[in-house]
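**Q** One structure is given below, represented as structure tokens, and several questions about it will come after.
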Amino acid sequence: MRYVDEYRDPELARHLADRIAARVEPDRHYKLMEVCGGHTHAIYRYGVHDYLPESIELVHGPGCPVCVIPMGRIDDATAIAEAHPEMILTCFGDLMRVPGGRGSFLDARARGADIRVVYSPLDALRLAVDNPDRHVMFYAIGFETTAPSTALTLQRAKADGVGNFSVFCNHVTIIPAIKAILDSPDLRLDAFIGPGHVSTVIGNRPYEWIASSEQMPIVVAGFEPLDLLEAIAMIIDQLSDRRAEVENQYARVVRDEGNPVALRAIADTMTLRPWFEWRGLGSINHSALQLSERYAEFDAELRFDVPGVRVADPKACQCGEVLKGVLKPWECKVFGTACTPETPIGTCMVSSEGACAAYYNFGKASRQRVELKVKTGA
Amino acid sequence: MSERSELQQHEPDICITCGDVAVPLVVVSLDGADAVCRADDGGTELVAVELVAPVVPGDRVLVHARVALEKLT
């Protein structure tokens, strides 16, 4: 398949693995955080670990939007939907199983709420146009990759005067999350693998403080196995050369300036919240978006009573530690026993981008391959 | 027009919420602010292209949640 096969070539992967192995310094341990949940998924899916020396540890970051959503925000949307029988609550598929304090959206649907999966916020808007006697609320979630599609949908809704459509906004921004990770006393990192598609929108410049102030390398990477291996090789090169720079491995997609049109659409429709509660990371100032005053008529939080539910995470769940990279998924007390993708307790087990679900689905095989290599001396 | 079913949304490889499912598609034809785009597997979908305008048939675009985020070189 064009544009894919060349990024999965085993020969090239071995070449990059050799380059990495040749540059790692003896007796040095490297901790690299992949910020994006898509990278976590790809690392486990393609067994990227298998190509790396043991001294390179990949730490999973907070970049899975479903994983960082607090349970109370699920309960809030459920409460709005259940209080308004004319409501059709729409969301992306992964959200359906996220547990809230009163169960998931699937549970609420079983109780009678009209909750439907859409592939795009534009589909939610279409649903509103097709059902003028109903109200369609879209549960918006995601980092800067997804915010443009919500922004564009809001602009179309306003231009077309669609009055029976609103957005329950949970969009979050990546830079404050990275800052929170760096402020965490539990974790010492050497470098970041930067998010590929978030950077398509925001560009590479917002990361410059990581290199200049924190003196840490960050390499924006694509999502194929060779993308990740090349990004890791670039990071190891920087660390070996005692450099700290923002580099772009994913230049075939990401421009330094990002997509200014998309950024303007976000700025038109949304504004920063004073603070937002993140699962695992707590409250972070200016880390999320709400609808701007110009789009207040579409703001579900202004149109409807929002209970503002705050629910503590289940005691057994250690998603917070996993999201901060302090714990590996398999080190959580309930991983794979009480908490599985079928019956998740924590959000990290719900989304396929979540570190726990990714490890549950693919990681065991990866570990078995490592054990086999050790046994056979390969 | 290929439509993704609700069941497909739950498959482990697909999490629309995160940007990693942004996929490269080829513009086939224009339809107002939208474009019919084709994937490598031959499936087509209607994509909003305001954020990457102007596009012409043959352009490759990176698409997330039915919205083109970037023109690919």
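**Q** Work out how far the C-alpha atoms of the protein assembly as shown reach from end to end along every principal axis, then list the three figures in whole Å, largest first.
**A** 67, 53, 41
**Q** In nanometres, what is the gap between the two model label sites at A:ASP183 and B:ALA33, each 7 Å from Cα along Cα-to-Cβ?
**A** Distance between the two pseudo-spin positions: 3.7 nm.
**Q** For region A:65-192, rounded, prolate or oblate, judged on the Cα gyration tensor with a ≥ b ≥ c (square roots of eigenvalues), a/c < 1.5 rounded, else prolate if a/b > b/c?
**A** Here region A:65-192 falls in the oblate category.
**Q** Dipole magnitude of region A:122-196 about its Cα centre, charges +1 at Lys/Arg Cβ and -1 at Asp/Glu Cβ only, in debye to the nearest 20?
**A** Roughly 140 debye, rounded to the nearest 20.
**Q** Can you tally the lysine pairs in chain A where the Cα-Cα distance is under 27 Å and the two residues are eight or more apart, or on different chains?
**A** Close lysine pairs found across chain A: 22.
**Q** Here's another thing I want to ask about it. If we count other beta carbons within 10 Å of each Cβ, what is the order of A:PHE168, A:PHE362, fewest first?
**A** In increasing order of surrounding Cβ atoms, one gets A:PHE362, A:PHE168.
**Q** Tell me the relative contact order for region B:22-72 as a rounded percent, counting alpha carbon contacts under 8 Å between residues six or more apart.
**A** Relative contact order here is 37 percent.
**Q** Rounded, prolate or oblate for region B:22-72? Axes are the square roots of the Cα gyration tensor eigenvalues, ordered a ≥ b ≥ c, and the cut-off for rounded is a/c under 1.5.
**A** It comes out rounded by the Cα gyration axes.
**Q** Oh, and also: If amide hydrogens are placed 1.01 Å from N in the peptide plane, which non-local residues have theirs closer than 5 Å to the one on A:SER166?
**A** The list, which skips near neighbours in sequence, is A:VAL136, A:MET137, A:PHE138.
**Q** What residue among A:ALA267, A:ALA147, A:ALA312 shows peak mean-square fluctuation when chain A is described by a Gaussian network model with Cα springs under 10 Å?
**A** Largest GNM mean-square fluctuation: A:ALA312.
**Q** Taking neighbour Cβ counts within 10 Å as the exposure measure, how do A:ASP94, A:ASP305, A:ASP313 sort from fewest upward?
**A** Final ranking by Cβ density, sparse to dense: A:ASP305, A:ASP313, A:ASP94.
**Q** Could you derive backbone 3J(HN,Hα) for region A:341-346 from the dihedral phi with the Karplus parameters 6.51, -1.76 and 1.60 (θ = phi - 60°), listing whole Hz in sequence and x where the residue is Gly or Pro?
**A** In residue order, the calculated couplings are x, 6, 10, x, 9, x Hz.
**Q** Any idea how far the Cα center of region A:45-76 sits from the one of region A:328-357, in Å?
**A** After rounding, the separation between the Cα centres reads 11 Å.
**Q** Counting other Cβ atoms within 10 Å, which GluC sites (Glu not before Pro) in region A:37-121 have at most 13 and lie in a DSSP loop?
**A** Filter output for region A:37-121: A:GLU54, A:GLU86.
**Q** Just for the Cα atoms in region A:232-307, what are the lengths along the principal axes, largest first, rounded to whole Å?
**A** Taking the Cα atoms of region A:232-307, the three principal extents are 55, 32, 15 Å.
The numbers here are math on the coordinates, done by the rules we state, and not lab data. These figures come from a predicted structure and were not determined experimentally. No Cβ is skipped: glycine too gets one built from the backbone with ideal geometry, and neighbour counts run over all protein chains shown.
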